[in-house]
Amino acid sequence: MQRPAAQALLRAHRELVKQGYGLLIFDAYRPWYVTKIFWDATPPDKHEFVADPAQGSRHNRGCAVDLSLYDLETGSEIQMTGGYDEMSERSYPSYRGGSEEERAHRDLLRREMEKQGFTVYPSEWWHFDYQDWNEYAIQNIPFEQIAERH
Ligand SMILES: [Zn+2]
């Protein structure tokens, strides 16, 4: 991720640790060619759940993260209203179904991320964009090259 976004994510993590949770990160920076693969592999009626390669994804800018919570004591992933990458209405952050506990955890994640300058994606409770995403270019650097630069 871009450094300011990564630092904001770390602040959210530290706040959640105080409450007994850790951040479980599924995805962050993603090269543009991967966005193209996702789009091509997804049926058109599910395109609201994947970024249009013509626009690029905020993941391509290093300013988006897909994540959930895990219980620090047990190490288990926290059950949310729907699964990660599930293409259904259960993925909406506004979804009213699921258990009260699932909604409370989903909303806790959102609240702590919003405090640090992230915005939740309206179709995916796990996807957050960092506030300054439009200041960063769409990147197509493969992961191997990032590792080499490190
Ligand atoms: Zn995402």
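Could you pull out every one of the lysines with an alpha carbon less than 21 Å from that of LYS115, ignoring same-chain neighbours closer than 8 positions? In chain and number order, the partners are LYS18.
Report the full-extension gain for the segment GLU100 to ASP45: residue separation times 0.36 nm, less the Cα-Cα distance, to one decimal in nm. Could you put the intermediate results ahead of the total?
Numbers: separation 55, 0.36 × 55 = 19.80 nm, distance 2.97 nm.
Using 0.36 nm per residue and subtracting the Cα-Cα distance, I get 16.8 nm.
Which of the lysines could be linked to LYS46 by a straight reach, that is with a Cα gap under 23 Å, when you skip same-chain ones fewer than 8 residues away? LYS46 reaches LYS36.
Which residue, SER123, ILE141, SER68, has the largest displacement toward the positive end of the dipole of the chain when charges sit on each Cβ (Lys, Arg +1; Asp, Glu -1)? Working it through, the farthest residue towards the positive pole turns out to be ILE141. Among the DSSP helices (H) of the chain, those spanning at least 15 angstrom by Cα along their long axis with an average Kyte-Doolittle hydropathy of -1.0 or more are 3-18; this is a geometric and hydropathy rule only. Remark: spin-label model distance GLN131-PHE143 equals 3.1 nm, labels positioned 7 Å along the Cα→Cβ axis.
Net length available on complete extension from GLN55 to VAL17 is 10.1 nm, with 0.36 nm assigned per residue and the Cα-Cα distance removed.
Here, each number is a calculation from the coordinates, and none is a lab measurement. Computed from a predicted structure; not experimentally measured. Here Cβ is always computed from backbone atoms with ideal geometry, including for glycine, and neighbour counts include all displayed protein chains.
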